[in-house]
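Quick notes on the structure that follows.
The values are calculated or read from the model by the stated rules, or taken from the named source; none is laboratory data. Because the structure is a prediction, the values reported are computed rather than measured. Counting neighbours? That spans all protein chains shown, and the Cβs are built from the backbone with ideal geometry, glycine included. Calculation scope for accessible area: heavy atoms of the full protein, side chains included, ligands and nucleic acids excluded. Shrake-Rupley method; radii C 1.70, N 1.55, O 1.52, S 1.80 Å.
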Protein chains: 2
Amino acid sequence: VRNTPPATVARLPRYLQYLDHQADHATVSSEDIARASGVNAPQVRRDLSFLGTLGTRGVGYDVSRLRPLIMRALGLTGELKVAIVGAGNLGQALAGYRGFASRGFQVTALYDSDPAKHGLVVHDIPIRPAARLAADAAGGEFAIAIIATPAEVAGKVAAELAAAGVKSMLNFAPARLTVPAGVQVRNVDLSTELQILSFYLGGTSEPKPAEGT
Amino acid sequence: VRNTPPATVARLPRYLQYLDHQADHATVSSEDIARASGVNAPQVRRDLSFLGTLGTRGVGYDVSRLRPLIMRALGLTGELKVAIVGAGNLGQALAGYRGFASRGFQVTALYDSDPAKHGLVVHDIPIRPAARLAADAAGGEFAIAIIATPAEVAGKVAAELAAAGVKSMLNFAPARLTVPAGVQVRNVDLSTELQILSFYLGGTSEPKPAEGT
């Protein structure tokens, strides 16, 4: 499972999302999975072969076996602890996001540098001093950190987390973070998403350059 | 600009983010842009050629010309109006997300089906009845919709928006939406992001199947 390609890993949660709704089916075909996930069936079969399962020709995959297999491959076997750094609007909202708990992620704490917020409880989650971040991380209080700070401090936070042994970060700050090898950062840049959508609104009526073919 | 490849469009906001911080430089090289954006320099040059600019060999790109060129290509010339559907935790937080306004996106309204929320104002943005959504969309009150509803109703909301002429949607609900041709949906599935990160925590110590090579 170790050398599963990143693109395959990125598709596994989509397959899992589909399987979550197929509990009343004994089997699903690679075509079923493909259609629901927006990829093609050979790709689904190749992806699942990395998990050591090939399905049964003409029958498909056994739902009750495939679902736990994907969950185990993704490491979703127990509850995973998540800290949110930055208790601003976004951090507080993420603390209340029901989708995390329903998929086995437990938000253990919010961290903020503003003393006025320390000790407050948001959606049942305590806000702790940012100064405790490294010690809590090193002590195993959480495995994944969500960075919801302003862009200016995100790099410093990521470096501090990495030094404390945090290997997985989800970054919402509009800044590209540089982290040591072995640390995974996934970026969710909300403004970038809107800027991409803006393109497709077709606001421009510029003459097309000759090259584009 | 019309037949710019989607992958190029998706990279333009990153280049723009870099240029936003180069106002004190007259020129930047494709290597500079590439390094800051995590792509290679030939790719940068190819992407920018779609905008009709080739840079000057040995000099690079004129910052004061390139920045507006990218903004115009992305349609970021005026203020773009955005509605947020779903005034739960996530929708309310998105309403207060400063990154939108700073990049020229104006959130005009939140919409919710809960009458208890109607008329409330969150981060200076009014919460309106979901029943007004189609009429407001058709009336041009917003061009982009952010879907922050529960998964169960996201499909219905997307269909209603599409029917009212909304061409661009950013979906936060953990559901794959089916929309008519010509409508762009970008998905931000927060749980999926965490599940992908979970893989890299290496929770499993399963024997690796023979195939994976």
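Quick look at the numbers
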| quantity | calculated |
| --- | --- |
| Failed item in (1) more than 19 Å from A:Tyr200 (Cα to Cα); (2) away from chain A (no Cβ under 12 Å); (3) of a type in the set (Gly, Ala, Ser), with B:Ala151 passing the rest | (2) |
| Hey, A:Asp136 open to solvent by less than 30 Å² (accessible area, probe 1.4 Å) and more than 12 Å from chain B (Cβ to nearest Cβ) or not | yes |
| All helices (runs of 4 or more DSSP H) inside segment B:1-71 with 3 or more residues being in contact (Cβ under 8 Å) with a residue 24 or more places away in the chain and touching a helix residue (DSSP H, G or I) at 6+ places or on another chain (Cβ under 6 Å) | B:6-19, B:30-37 |
| Residues that are more than 9 Å from chain A (Cβ to nearest Cβ) and charged (D, E, K, R), drawn from segment B:159-170 | B:Glu160 |
| Filter result for A:Ile146 (within 26 Å of B:Gln17 (Cα to Cα) and surrounded by 15 or more Cβ atoms within 10 Å (Cβ to Cβ)) | yes |
| Whichever residue in segment A:99-119 is at pLDDT 95 or above and closer than 30 Å to B:Ala151 by Cβ and, among such residues, is farthest from the other protein chains (Cβ to nearest Cβ) | A:Tyr111 |
| Residue match in segment B:154-169 (condition: buried (at least 17 other Cβ atoms within 10 Å of the Cβ) and of a type in the set (S, T, N, Q)) | yes |
| Residue count for segment A:1-10, restricted to those that are open to solvent by less than 40 Å² (accessible area, probe 1.4 Å) and closer than 18 Å to A:Val39 by Cα | 4 |
| Of all residues making up segment B:62-78, the number that are away from chain A (no Cβ under 11 Å) and either under 23 Å from the mean Cα position of the chain (by Cα) or of a type in the set (Lys, Arg) (or both) | 4 |
| Identity of the residue in segment A:37-61, under 20 Å from the mean Cα position of the chain (by Cα) and among the small types (Gly, Ala, Ser), that ends up surrounded by the most Cβ atoms within 10 Å (Cβ to Cβ) | A:Ser37 |
| Total residues in segment A:171-201, condition more than 7 Å from chain B (Cβ to nearest Cβ) and modelled with pLDDT under 85 | 2 |
| Test for B:Ala131: is it out of contact with any Phe, Trp or Tyr (no Cβ under 6 Å at 6 or more places or on another chain), without any contact (Cβ under 8 Å) to a residue 24 or more places away in the chain and within 11 Å of another protein chain (Cβ to nearest Cβ) | no |
| Tally of residues being among the basic types (Lys, Arg), more than 13 Å from chain B (Cβ to nearest Cβ) and closer than 18 Å to B:Arg176 by Cα across segment A:25-61 | 0 |
| Any chance A:Asp24 is under 28 Å from A:Gln184 (Cα atoms), out of contact with any Ser or Thr (no Cβ under 7 Å at 6 or more places or on another chain) and open to solvent by 20 Å² or more (accessible area, probe 1.4 Å) | no |
| Test: residue in segment B:169-189 that is under 16 Å from B:Val107 (Cα atoms) and aliphatic (A, V, I, L, M) | yes |
| Lone qualifier among B:Gln92, B:Gln22 - being within 7 Å of another protein chain (Cβ to nearest Cβ) and not hydrophobic (A, V, I, L, M, F, W, C) | B:Gln92 |
| From A:Ile33, A:Ile84, residue being closer than 30 Å to A:Ser113 by Cβ and aliphatic (A, V, I, L, M) | A:Ile84 |
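For (1) β-branched (Val, Ile, Thr); (2) surrounded by 22 or more Cβ atoms within 10 Å (Cβ to Cβ); (3) under 17 Å from B:Leu197 (Cβ atoms); (4) in contact (Cβ under 8 Å) with a residue 12 or more places away in the chain, each residue gets a yes or a no:
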{"site": "A:Glu79", "(1), (2), (3), (4)": "no, no, yes, yes"}
{"site": "A:Ile84", "(1), (2), (3), (4)": "yes, yes, yes, yes"}
{"site": "A:Gly88", "(1), (2), (3), (4)": "no, no, no, yes"}
{"site": "A:Gln106", "(1), (2), (3), (4)": "no, no, yes, yes"}
{"site": "A:Leu110", "(1), (2), (3), (4)": "no, yes, no, yes"}
